[in-house]
Amino acid sequence: MSTSTNVSTKASKIVAPSSREALRLMREKLGPDAIILSNRVTAAGVEIVAITEEAASQASVSAAPAALPVTAPLMGSTATSQSVESARPPAADSVLSEIHSMRGMIEEQLAGLVWNEKQRRDPVRSHLLRALLGAGFSGRLAKAMLDHLPTGQSYTTGMAWVKSELARTLPLLENEDALMEGGGVYALMGPTGVGKTTTTAKLAARCVMRFGPEKLALVTTDSYRIGAYEQLRIYGQILGVSVHAVKDAIDLRLVLEDLRDKHMVLIDTVGMSQRDRTVSDQIAMLCGAGRPVKRLLLLNASSHGDTLNEVVHAYRYGIHGAGGNDLAGCIFTKVDEATHPGTLLDTVIRHRLPIYYVSSGQKVPENLMIADRGLLVDSVFQAGSRSALFIPGEADLGEQATLLNKDAETAAIQATSQAATERLRTQCQQLIRVLTHDAQELNANAAALAAGNIGFNGTQTLWRNLTDDAVNSQAIAQTLLLQGCAEVSAGCDEYVLALRGKVHLSAEDSGDMYALHGSLLLSDRDGMPLAAPNQLLATAAPSTVKEGAHKPSMAEMRQLDWLQRQDFGKPMLHFLESMPTAVQIQDWQTGDIQWLARAQAAVGVIDVVSQMGSTLTKLADTLNFSAPQPVTYKGKAALQTMAEASVTLRSKVKNSVVSTDDPLSPLRCIVNRIVEQRSGKLLVQWYLLGHVGMQVTAQQIVQWYHWKVAGESYFKLLKQGIHQLGGCGQPGDVNMLKRLLVAGQASTTVWRLQHAQENWAEPARKLLTHLTGQQLRAERVVSGPVLFEGLCKLYVLLDALDTENSAAPPQAPDIVTAQG
């Protein structure tokens, strides 16, 4: 710890091991009203520079620093703290620069207010959270679970509720009899030293006791570890079971072929680190063994949670995301050595990995038991580790340990939380007062955004619901539907255009893969995205993330069906990513579903007029194209022509039966050709097939398809927006679907703002850019992610100013409190 004072500026500097200690020392030195000039992390610790309020008042106005009371907590942790600008920028950018310097502080204060408000309402929650963390559960899963905790619980009833929730969500092997009777080939996998050979022997003993040694065989692929085969062979001799050693995939295929008469085969695999690149090879060898191999992963109960997470992710699909069947389940080993076994339960709950057996010792076969929900959950909280050096305790967090089983002590905790809440609210209001002279400009830009017909107010309403525990995902989905109907009514003339897209997501902590199937409604007037009323989230294996479907996927059909069942007040035209099957076309024409898809040039069709069969390419050669029209295609000057014909499909679809009572009706075929204006070189030729009303001209359909292609960039923005709101989270994250829904609608607002050409749009984009701390470069388009981040920062400021102005006379602009 070191202290120094600059005599010329009368500013004091404190360097301490932690931000808490630095703030305490600064308060002792300069008093509670001191003003922080900067704070940053150095090699020696956390450095804070501050000045007394009296000295600050004597300083020149042109050098006045952005002020924050010493009692306010530092922004972020010691690893992410930021410095506050100590000098005011030029007058032209004063407003936006000061907002930028305060944005993080305001967010920190608001987050503190929300957390302390929860603590005040239900202090039992924090002690249950501490118990879950102490047992080894991750903070994310623990907080997600406690978000559902009913209010008014005592610690005893709350803990009983936690245990019942854990037992309910724990995936288990429900029936060992079905496992034994089904037989098959099972491979035990896992890192080195996890106990695969011993567990194989234990499981083999259970099998022998069930149906005798002649129905079982043991196989080992471990040719690296000295004595590995001998160890398993000795177990095999004791049990009377044959043991086979294999060296590679060919050996394994041959051995399993010879053992087809065995009811069950257990494979003891070679141990590999989860970071070993050959894990994928081992998985591929088992998946290509000629017989279905069910893989069981062994998890060491004494391992760290992050290590277990890496192990599951690596052994599930391989280090490179290699294909193959998924893990059948897992076996817990060395449970008797675990100090915080909650990490095991946390891992299998997040990865939805069924627990087959629990191993708690070296004895064969006594120390292998069927997993039991109640016993597993109870054992987690009865572990009672004698050492808790790596789990934060009350003293580590600077909190006073308090028992919650007495009403008087509970009331004292509530009073303390209330005082902390009020103190943080006061500090937040002080920060806002610093920005009071900027409020008019801030509100003027917000008013322009609200009046700009980009869905600003509706998105603000949804954004506020993100932190409201009383609003669930179903309520947000209903709000999205109502907003979508309003946007369609105001933004569409005759049709609403519907397209779908897939966004690939992954959880940062676990690496779990997800596929988000989103829907987007476009205006038939100008192609602007109006609403994203529905999102479907599904898990996806890395090997299938980039699969190329030759027909509309099941998720796309579910989205189409959901949209078709809603009443948006106008007929809907569905843009498909690929041609539907003949059966789907027949079903849709019965339901009068209008759709359009881009077809391949080789698709076989029959011209309704000439009754001649041909491909789309040959058909285009016989059509009369319209006069060329100048267009811009991918930034190039081009000429566009189009032609139309009425056709029926002649391609046959395997395993599909088309009803002869309701034959396929003709489809509209529109050929759109775009050539370079100067050279006449063909740039693109689209073949558009679909069931669209004849009142819509071919030129209008082509224009709509151009808008559809441009709108596809929305889904890239959606992916980046989801990451900015916290990502797709983990299983059990109750706010995950809320974030996805809000990100979908917020992305439509950002997309419309990015393409707005009105006079108000450029100042608004400049404001949002400055809120992110970036500079707006001349003649350079602001990226969507920057605008998305700036929009979220603006909502934070508007909510903060709204809170400040709510206690003042009603003279603030109406836009500050406008709600969608």
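The values are calculated or read from the model by the stated rules, or taken from the named source; none is laboratory data. None of the values given here were measured: they were computed from a predicted structure. Glycine gets a Cβ as well: all are built from the backbone with ideal geometry, and neighbour counts include every protein chain shown. Surface areas here come from the heavy atoms of the whole protein model, side chains and all, with no ligands, DNA or RNA. Shrake-Rupley method; radii C 1.70, N 1.55, O 1.52, S 1.80 Å.
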For residues in the range 734-768 being open to solvent by 40 Å² or more (accessible area, probe 1.4 Å) and in a helix (DSSP H, G or I), which is farthest from Ala450 (Cα to Cα)? Leu737
Kindly indicate whether Ser273 is small (Gly, Ala, Ser), outside any strand (DSSP E or B) and in contact (Cβ under 8 Å) with a residue 40 or more places away in the chain. yes
Among the strands (runs of 3 or more DSSP E) confined wholly to the range 559-616, which include 1 or more residues that are open to solvent by less than 20 Å² (accessible area, probe 1.4 Å), of a type in the set (Gly, Ala, Ser) and under 22 Å from Val709 (Cβ atoms)? 594-598
Quick check on this structure: which one of Ala167, Ala217, Ala187, Ala204 is open to solvent by 10 Å² or more (accessible area, probe 1.4 Å) and either at pLDDT 85 or above or among the hydrophobic types (A, V, I, L, M, F, W, C) (or both)? Ala167
Only one of Met180, Met209 that is touching a residue at least 40 places away in the same chain (Cβ under 8 Å), farther than 26 Å from Thr343 by Cβ and open to solvent by 40 Å² or more (accessible area, probe 1.4 Å): Met209
Answer yes or no as to whether Val219 is of a type in the set (A, V, I, L, M, F, W, C) and in contact with a Ser or Thr (Cβ under 8 Å, 6 or more places away or on another chain). no
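Assigned to a helix (DSSP H, G or I), of a type in the set (D, E, K, R), surrounded by 20 or more Cβ atoms within 10 Å (Cβ to Cβ) and at pLDDT below 90: does that describe Lys793?
Details: assigned to a helix (DSSP H, G or I): yes; of a type in the set (D, E, K, R): yes; surrounded by 20 or more Cβ atoms within 10 Å (Cβ to Cβ): yes; at pLDDT below 90: yes.
Considered against the rule, which asks whether it is assigned to a helix (DSSP H, G or I), of a type in the set (D, E, K, R), surrounded by 20 or more Cβ atoms within 10 Å (Cβ to Cβ) and at pLDDT below 90, Lys793 comes out as yes.
Keeping to the range 521-539, report how many residues are touching a Leu at 6+ places or on another chain (Cβ under 9 Å) and either closer than 20 Å to Asn457 by Cβ or of a type in the set (Lys, Arg) (or both).
Residues flagged as touching a Leu at 6+ places or on another chain (Cβ under 9 Å) and either closer than 20 Å to Asn457 by Cβ or of a type in the set (Lys, Arg) (or both) within the range 521-539 amount to 8.
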Regarding the range 344-361, can at least one residue be identified that is modelled with pLDDT under 70 and not hydroxyl-bearing (Ser, Thr, Tyr)? no
Does any residue of the range 209-230 turn out to be of a type in the set (Ser, Thr, Tyr), touching a helix residue (DSSP H, G or I) at 6+ places or on another chain (Cβ under 6 Å) and within 17 Å of Val255 (Cβ to Cβ)? yes
If we ask which residues in the range 464-506 are open to solvent by 50 Å² or more (accessible area, probe 1.4 Å), assigned to a helix (DSSP H, G or I) and either within 20 Å of Gly518 (Cα to Cα) or not hydroxyl-bearing (Ser, Thr, Tyr) (or both), their number turns out to be 5
Can you find a residue that is in contact with a strand residue (DSSP E or B) (Cβ under 7 Å, 6 or more places away or on another chain) and either crowded, with 21+ Cβ neighbours inside 10 Å or without any contact (Cβ under 8 Å) to a residue 12 or more places away in the chain (or both) anywhere in the range 141-162? no
Any hit, the range 178-197, residues being among the aromatic types (Phe, Trp, Tyr), more than 24 Å from Asp268 (Cβ to Cβ) and not in a helix (DSSP H, G or I): no
Return the pairs, sorted by first residue and then second, in which the second residue is open to solvent by 60 Å² or more (accessible area, probe 1.4 Å) and among the polar types (S, T, N, Q), the first residue lies in the range 232-246 and is in contact (Cβ under 8 Å) with a residue 60 or more places away in the chain, the beta carbons are less than 6 Å apart, and the residues are 6+ apart or on different chains. none
Filter the range 691-700 for residues that are surrounded by fewer than 20 Cβ atoms within 10 Å (Cβ to Cβ) and β-branched (Val, Ile, Thr); which is nearest to the chain's Cα centre (by Cα)? Val696
With respect to Pro365, determine if the residue is part of a loop (DSSP other than H, G, I, E, B), open to solvent by 40 Å² or more (accessible area, probe 1.4 Å) and modelled with pLDDT under 85. no
